[in-house]
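Reviewing the structure listed below.
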Amino acid sequence: MKLYCIGIGPGGEEQMTQRAVRALEQCDCVAGYGLYLTLIDGLLRGKERIQTGMTREVDRCLAARDAALSGKTVAVVSSGDAGVYGMAGLLLEVCAPYPELEVEVIPGVTAACAGGAVLGAPLTCDFACVSLSDLLTPWEVIEKRLRGAAMGDFCIALYNPASKKRTDHLRRACDILLELLPSETVCGTVRCIGREGESYSLTTLGALRETAVDMLTTVFVGNSRTQVIGGRMVTPRGYRGV
Ligand code: SAH
């Protein structure tokens, strides 16, 4: 009995790894949030779908597990990497009582890597990812992690910078970072990475505070060495002695 947990990368089919495509080919049934299934529609012909809304993760995992226990080969798909703010952990938890079920986690290109490539090369040194969603993490913990990342001079990739209900989280995060970092710190935003309408912009931490973002955006905050070089966001590693 086999259940795959597949990270499909940030966009459509061309953003997937070959390993992910091959695993999907093996499956009779695919579970995922509707948007992700639409992105890989071309690979799902003839397959059963388990489709639920964004916040029905537990239901989706249980339905996928039960389909696999009934003898089908099943995939749960997540955008980016399934282990980065994705469903891999939850799936392993709900499958743990069923040792007859083999769960294989297949990695995907996460938004930090895909968005970093759009901007240039912001994450060449140590970096931290912080999600600004306080649905599952208390805001005080998010604040602590932001301060820690800023104190450590990490480049930071901010996931979930806003949602329909949470419109001020990026501004609040910037205010915390601005306690420790200069307002000229180089920043970038990338929207709809690898999807139709992909766009990006370069800015500074001071201006980022006033920037409108949505849940389809990943935000990048540079470290003390990050620069704009040839119109791209680059954190030099020091190869050239600078
Ligand atoms: N598992 C995903 C992350 C899910 S959390 C991954 O590894 O990429 C959802 C957040 O990820 C979004 O709010 C956004 O900040 C970021 N994200 C995911 N896909 C994106 C895309 N195609 N373009 C821009 N940001 C994206």
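Here are a few things to note about the model shown:
- The range 159-165 - phi-based ³J(HN,Hα) in whole Hz, Karplus 6.51/-1.76/1.60, Gly and Pro as x: 8, 6, x, 6, 9, 4, 7
- Fraction of accessible area attributable to carbon and sulfur, the chain (%, probe 1.4 Å): 51 percent
- Amide H contacts of Cys5 (H built 1.01 Å from N, under 5 Å, at least 5 apart or other chain): Val76, Glu104, Val105, Ile106
- Within a Gaussian network of the chain (alpha carbon springs, distance under 10 Å), most fluctuating of Leu136, Leu119, Leu216: Leu136
- Global dimensions of the chain from alpha-carbon coordinates: Rg and Dmax equal 19.2, 60 Å.
- The range 215-221 - phi-based ³J(HN,Hα) in whole Hz, Karplus 6.51/-1.76/1.60, Gly and Pro as x: 6, 9, 10, 10, 10, 10, 10
- In order along the range 227-239, the phi-based Karplus estimate (6.51 cos²θ - 1.76 cosθ + 1.60, θ = phi - 60°) of 3J(HN,Hα) comes to 9, 9, 10, x, x, 10, 8, 10, 9, x, 8, x, 4 Hz; Gly and Pro are listed as x.
- Counting only protein chain heavy atoms and rolling a 1.4 Å probe, the accessible areas of Ser78, Ser70 rank, largest first, as Ser70, Ser78.
- Kirkwood-based shape ratio for the range 111-234, expressed as Rg/Rh from alpha carbons: 0.93
- Solvent-accessible surface of the chain, averaged per residue with a 1.4 angstrom probe and all protein chains in place: 49 square angstrom.
- Take every Cα pair under 8 Å whose residues are at least 6 apart in sequence, average their separation, divide by the length of the range 2-106, and the relative contact order is 42 percent.
- The H on the amide N of Thr110, modeled in the peptide plane, is under 5 Å from the matching H of Asp81, each at least 5 residues off or on a different chain.
- Value of relative contact order over the chain, rounded to a whole percent, pairs C-alpha under 8 Å and six or more apart: 20 percent
- Remark on Met233: its backbone amide H falls under 5 Å from those of Gly120, Ala121, a criterion applied only to residues 5 or more positions apart or on other chains, H modelled at 1.01 Å from N.
- DSSP beta bridges in the chain [antiparallel fraction, %, rounded to 5]: 40 percent
- If you sort Tyr36, Tyr98, Tyr239 by accessible surface, 1.4 Å probe, largest first, the order is Tyr239, Tyr98, Tyr36.
- Solvent-accessible ranking of Glu210, Glu198, largest area first, probe 1.4 Å: Glu210, Glu198
- A helix-only calculation puts the chain at -8500 deg cm²/dmol for mean residue ellipticity at 222 nm, using -39500 (n - 2.57) for each DSSP H run of at least four residues, averaged over all residues.
- Measuring with a 1.4 angstrom probe and ignoring ligands and nucleic acids, Thr110 comes out at about 20 Å² accessible.
- Rounded to the nearest 20 debye, the dipole magnitude of the chain is 320 debye, with +1 charges on Lys and Arg beta carbons, -1 on Asp and Glu beta carbons, and the Cα centre as origin.
The values are calculated or read from the model by the stated rules, or taken from the named source; none is laboratory data. A quick note: this is a predicted structure, and the numbers were derived from the prediction, not measured. Positions of Cβ are backbone-derived with ideal geometry, glycine not excepted, and every protein chain shown enters the neighbour counts. When the accessible area is computed, the model is the full protein with side chains, heavy atoms only, and any ligands, DNA or RNA have been set aside. Shrake-Rupley method; radii C 1.70, N 1.55, O 1.52, S 1.80 Å.
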